[in-house]
Amino acid sequence: FFWKAFMGKATSFQTTHARRVNMKPLAAKPNLRNQQRVDVSTDITIEKPDGCCLTCQVSNLSRSGVMLSCDQDTVKQLVPGLKTPAPGHWIEVKTRFSVPVIANQPVTVLADGNIVHMRRIARDEFQIGIQFCEFEGNGFDYVDRYVAKLLSDARNPSSEAH
């Protein structure tokens, strides 16, 4: 795939002049299936409120959120007590990941979000659902275009034989 790895660890995702785009407020019981998801495999960096950064793997992406695949040690750092957050008591995080806006030209997306879902799927594999609440700059547009392109590609597979 055409993802570039992040070079070094950021201490914070703070920016001083980026335009921010707000998402709709979270409902008390979010509909976790309200956006079409696309399978994606790339690294994502999660920043906790204390500034600690962790890297996980994206398993799917939608316009409204991202599903991560993490090991137990990582999940313990993100989700205290390994208990799914109760509605209204979400765990706030910042996310940083790349999406290709033009073939082979990835851009970095910075988005604030909330951990709203956690599920164990194997002995040392967990899924964490993050619902986006605010994007910096053109982040939402980049995610929107990327998801739309992958959905379009899935509906119109190429006729080329591989």
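The values are calculated or read from the model by the stated rules, or taken from the named source; none is laboratory data. Predicted model, so just to flag it, every value in this text is computed and none were measured. For neighbour counting, all protein chains shown are included, and Cβ atoms are generated from backbone atoms with ideal geometry for every residue, glycine included.
State all residues of segment 87-121 that are modelled with pLDDT of 85 or more and among the β-branched types (Val, Ile, Thr); if no residue qualifies, say none.
ILE91, VAL93, THR95, VAL99, VAL107, THR108, VAL109, ILE115, VAL116, ILE121
Just to verify a result, which residue in segment 30-62, among those that are polar (S, T, N, Q) and closer than 19 Å to ASP153 by Cβ, is surrounded by the most Cβ atoms within 10 Å (Cβ to Cβ)? So that I can check it myself, show each step before the final result.
First, pick out the residues of segment 30-62 that are polar (S, T, N, Q): 31, 34-36, 41-42, 45, 55, 57, 59-60, 62.
Still in the running and closer than 19 Å to ASP153 by Cβ: 35-36, 41-42, 59-60, 62.
Working: GLN35: 15, GLN36: 14, SER41: 11, THR42: 19, SER59: 18, ASN60: 18, SER62: 21.
Residue satisfying both the conditions and the ranking: SER62.
Determine which single condition PRO85 fails, assuming it passes every other condition in (1) closer than 22 Å to TYR142 by Cβ; (2) part of a loop (DSSP other than H, G, I, E, B); (3) in contact with a strand residue (DSSP E or B) (Cβ under 7 Å, 6 or more places away or on another chain).
Only one criterion in (1) closer than 22 Å to TYR142 by Cβ; (2) part of a loop (DSSP other than H, G, I, E, B); (3) in contact with a strand residue (DSSP E or B) (Cβ under 7 Å, 6 or more places away or on another chain) is unmet by PRO85, namely (1).
Restrict the check to segment 105-116 and report whether at least one residue is over 15 Å from the mean Cα position of the chain (by Cα), more than 18 Å from ASP43 (Cβ to Cβ) and in contact (Cβ under 8 Å) with a residue 24 or more places away in the chain.
Scanning segment 105-116, I find no residue that is over 15 Å from the mean Cα position of the chain (by Cα), more than 18 Å from ASP43 (Cβ to Cβ) and in contact (Cβ under 8 Å) with a residue 24 or more places away in the chain, so the answer is no.
Would a scan of segment 63-86 turn up a residue that is at pLDDT below 90 and surrounded by 14 or more Cβ atoms within 10 Å (Cβ to Cβ)? Break it down stepwise before answering.
First, the residues of segment 63-86 that are at pLDDT below 90: 80-86.
Pick out the ones that are also surrounded by 14 or more Cβ atoms within 10 Å (Cβ to Cβ) and you get 84-85.
Checked against the condition, which is being at pLDDT below 90 and surrounded by 14 or more Cβ atoms within 10 Å (Cβ to Cβ), segment 63-86 yields at least one hit.
Would you call GLY129 in contact with a His (Cβ under 7 Å, 6 or more places away or on another chain) and either free of Cβ contacts under 8 Å to residues at least 12 places away in the same chain or surrounded by 18 or more Cβ atoms within 10 Å (Cβ to Cβ) (or both)? Walk me through it before giving the result.
Values: in contact with a His (Cβ under 7 Å, 6 or more places away or on another chain): yes; either free of Cβ contacts under 8 Å to residues at least 12 places away in the same chain or surrounded by 18 or more Cβ atoms within 10 Å (Cβ to Cβ) (or both): yes.
Yes, satisfied.
Quick one: how many residues across segment 88-103 are surrounded by fewer than 18 Cβ atoms within 10 Å (Cβ to Cβ), in a strand (DSSP E or B) and of a type in the set (A, V, I, L, M, F, W, C)?
Just the residues of segment 88-103 that are surrounded by fewer than 18 Cβ atoms within 10 Å (Cβ to Cβ), to begin with: 88-89, 92, 101-103.
Narrowing the set further to residues that are in a strand (DSSP E or B) leaves 92, 101-102.
Keeping just the survivors that are of a type in the set (A, V, I, L, M, F, W, C) gives 101-102.
Residues meeting the conditions: 2.
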